[in-house]
Amino acid sequence: MDLFNRNSTAIHVGEQQEHVYDLGDLLLDYLKQLDVEYVFGIPGGAIEPFYNALARHEREGGIKSIVARHETGAAFMCDGYTSNSGRLGVCCATTGPGTTNLITGVSSAFANQIPMLVITAQTALHTFGKGAFQESSSSVTGVDTLKFFEHITNFNSMVTHVDQFEQILTTAIRKAFHSPKGPVHISIPMDVFRSPAPVKAPSFDLSMISKPTTLLDQGAAEKLCDILTSGYKVVFVIGDGCAQAINEIIEVATLLNIQIVTTPHGKGLMSPYHPLFRGVIGFAGHETAYHVTHDESVRYIIAIGARFGEWDSNGWDQTLLSEKLVHISSDSGYFNRTPMAKLHVLGNISSIFNRVLDYLEENTFKELEAKLNAIPDKHNLESIGRPKRFFKLLDQEKYNDDSTPIKPQRLMKLLPRVFPFNTRYVADIGASFAWAIHYLHPLKRSRSTELGFSDKENWSGVFRTCLEFSSMGWAQGAAVGTALACKGDPVVCITGDGALLMNGQEITVALQHKLPVIYVVLNDSSLGMVKHGQVLTGAESTGTELPEISFAKIARAMGIEAYTIRSPQDMMELDVSDMVARKSPTLLDVLIDKNECPPIGLRTRILKQEED
């Protein structure tokens, strides 16, 4: 990042010269059509014209700039904001290293299908090929950043003339929301960014562009209805792709008494205390979920919005990937991973399950009840008294262990008990997300539900992690974006000491913007997942030790409230109400039992198979 050019064309208060409506202004007016609230990034010389426009926009109550500490952190914040707000995330960087620093975060968004507009700058057009400072326009004379983004975006283009701009921008935004969703990239040279806009206001209306299509494969949907009422036992496997349809899915499951498991990505979509829920299948999952999907009496495994990569297919489990499978998705690309499925149902998942509900209503419930009662192995809802889980944990004893140092299993149990009901949890990559997937079970989203669940309460966003690309430090940026999207809700970022050392500077963004993000650091002075994975796979024990660090002291040096946690009692004594009310981040430096192995058996088994 170079120094700002002090000869900026921006016009400040008191100056007589009228500002010319330029390309940056036009870009922001288009983003305003999409209700974009923030642009995440870091300023620099080549992208200064865009920041000038941002400053003008913000002065008028428009889009605000959120300055990250590293461009990768900006992309992670963008991810967290988009996933929780449903709005387009926008991040930006200056030319050269600013742009290359975005690559890991954009790759993560691409792997996880997060819609995102990535804006990068270039040096002025007339300097191309002359070795300008931080030039990144050509592989012939230097680094070609445009090529870097070619395989990690849905759309990738440079604007070389102002008259191209509107067509390129609108095409890019459509591609961001087109299935499969994902990041799109536009690179703009500094002199083009400064140029007067070719129009005085946006020529196109993009307000409808982010709304999902309601189309569905009618024939396949009818076959799905037949399967659901065929008299055979079925199981639902819920992935994160069905977040907007979770209420309809649970309503169908409740009417037909269908047991539900989720993928790790889908974990946050329903209450762990729902009587139909049997846990997580796949990485760090639950034995109960495994048994439900491997029950020989189950005729159909209906996977909804699931990706069927390594993590959520239970390591490409042949029972899941079999002719029992019915795969429902809004993205036909995932059907390439399930060619053996009995049925593929393509379309908007809300539309598909509303069609199922209509079908159930059209068929009189008396006839349906008689049909369902004829099923010899029909499972009934268990009686409900107080909130309870209907799935088993690996180590219930340690989940309730009050010894010191605190067990990570016990920590995961305590977090939902000390933090408010509206808390959102973001789990970082490493042992953190393994512990959280298996042992973290938030009670409920609001105080309005007596039993810890509600068929009409959307749980989307209660828990998120990032499994596909799995970038350490992802959660520290994503937590900031989540807090900006969900104002008023506390956000708990569960991270490890290794991940915090990679990307922990983003906590100061939460400080600057007064966000109630609580950073829970699992401190075991090691790269825990790697350390325990080496033991489980019989590899050499090497390269995992970290120095003993007081992260609480580091946080206090930055002006952030921090506590050192050694025991369950320390957690229970926290004044959490004060913590979430102070409108600033807090860090909990949790000295966990470093001998506890996270639930990573599936991952290590696959690694050993690859060695063999």
Eight or more residues apart or on different chains, and alpha-carbon atoms under 26 Å: count the Lys pairs in the range 218-373 matching that. 15
Let me know the charge dipole size of the range 283-347 about its Cα centre in debye, to the nearest 20, where only the beta-carbon of Lys, Arg (+1) and Asp, Glu (-1) is charged. 240
By the gyration tensor of its Cα atoms, with a ≥ b ≥ c the square roots of the eigenvalues, what is the shape of the range 105-224: rounded for a/c under 1.5, prolate for a/b over b/c, or oblate? oblate
Cross-link partners among aspartates and glutamates for K181, C-alpha distance below 12 Å, same-chain residues fewer than 8 apart left out? D331
For peptides 476-487, 187-198, sequence by mean Cβ density within 10 Å, most packed first: 476-487, 187-198
Virtual spin-label span in nm between E573 and T537, 7 Å along Cα→Cβ: 4.1
Trypsin sites (Lys or Arg not before Pro) restricted to DSSP loop in the range 511-572 with at most 11 other C-beta within 10 Å: K514
How far apart, in nanometres, would the label points at F421 and H178 be if each is projected 7 angstrom from Cα along the Cα-to-Cβ direction? 4.4
Net lengthening on full extension, L215/E545 (0.36 nm per residue, minus Cα-Cα): 113.6 nm
Counting helices only, and only those DSSP H runs with n ≥ 4, report the 222 nm mean residue ellipticity of the chain as the sum of -39,500 (n - 2.57) divided by its residues, in deg cm²/dmol to the nearest 500. -10000 deg cm²/dmol
What does the C-alpha gyration tensor say about the overall shape of the range 186-260? Classify as rounded when a/c is under 1.5, otherwise prolate if a/b is larger than b/c, or oblate. prolate
In percent, what relative contact order does the range 228-272 have, based on Cα pairs under 8 Å that are 6 or more apart in sequence? 52
Any idea how far apart S203 and S332 come out in nm if each label point goes 7 Å out from Cα toward Cβ? 3.1
With Kirkwood radius over Cα pairs in Å in mind, check (1) 25.6; (2) 26.3; (3) 30.0 and report the label derived from this structure. (1)
Using DSSP to define loop residues, name the GluC sites (Glu not before Pro) in the range 208-255 whose beta-carbon has at most 11 other beta-carbon atoms within 10 Å. none
Need one word for the range 453-569: rounded, prolate or oblate. Basis is the Cα gyration tensor (sqrt eigenvalues a ≥ b ≥ c); a/c below 1.5 gives rounded, then a/b vs b/c decides. oblate
If each residue of separation counts as 0.36 nm, what is the full-extension length gain between S322 and R299 once their alpha-carbon separation is subtracted? 7.2 nm
Helix axis angle, 48-59 relative to the chain longest principal axis, alpha carbon, degrees: 70
With +1 on the Cβ of every Lys and Arg and -1 on the Cβ of every Asp and Glu, and nothing else charged, how large is the dipole of the range 23-194 about its Cα centre, in debye rounded to the nearest 20? 220
Once you keep just the Cα pairs under 8 angstrom separated by 6 or more residues, what percentage relative contact order results for the chain? 13
For the range 41-115 and the range 167-210, write down the distance between their C-alpha centroids in whole Å. 15
Cross-link pairs K200/K487; K398/K553; K398/K583; K553/K594; K398/K487; K407/K553 - those with Cα-Cα distance over 27 Å: K200/K487; K398/K553; K398/K583; K398/K487
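Bear in mind these aren't lab numbers, they're just calculated from the coordinates by the rules spelled out. These numbers were taken from a predicted model, which means no experiment stands behind them. Positions of Cβ are generated from backbone atoms using ideal geometry, with glycine treated the same way; all protein chains shown enter the neighbour counts.
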